[in-house]
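Bear in mind that the values in this text are calculations on the coordinates, not laboratory data. Since the model is a prediction, treat every value here as computed from it, not as a measurement. Note: ideal-geometry Cβ built from the backbone for every residue, glycine included; neighbour counts use all protein chains shown.
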Amino acid sequence: MAEPVDVSKKHFYISIVKSVIRLLACYALFSAGMASIDGGDPGQLLVASAVGLGFAELLGILEEL
């Protein structure tokens, strides 16, 4: 049996924000990889992506409350 769909605006907006944060974190990981290939220091980009993904997960918990 399928779960009921939550169509509230709060749920929708939090989901959009989570998706944007995850996309930014993916871009940061991509940039870190490119910096690493180019001989640069990917450290700050790796930290930024970890923070972004962690924040997105916290939003997911908030969304379910």
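Numbers at a glance
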| read-out | value |
| --- | --- |
| Charge-dipole axis of the chain as Lys and Arg at +1 and Asp and Glu at -1 on Cβ define it, positive-most pick from 28, 62, 40 | 62 |
| Inter-site label distance for residue 8 and residue 58 at 7 Å from Cα along Cβ, in nm | 2.1 |
| Kirkwood Rh (inverse of mean 1/r, distinct Cα pairs), the chain, angstrom | 13.2 |
| Per-peptide average of other Cβ atoms within 10 Å, ordering 18-24, 33-39, 57-63 highest first | 18-24, 57-63, 33-39 |
| The chain: angle of helix 9-37 to the longest principal axis, Cα-based, in degrees nearest 10 | 10 |
| Rounded to 10°, Cα long-axis angle of helix 43-64 versus longest principal axis of the chain | 0 |
| Segment residue 20-residue 35, length gained on full extension (0.36 nm per residue, minus Cα span) | 3.2 nm |
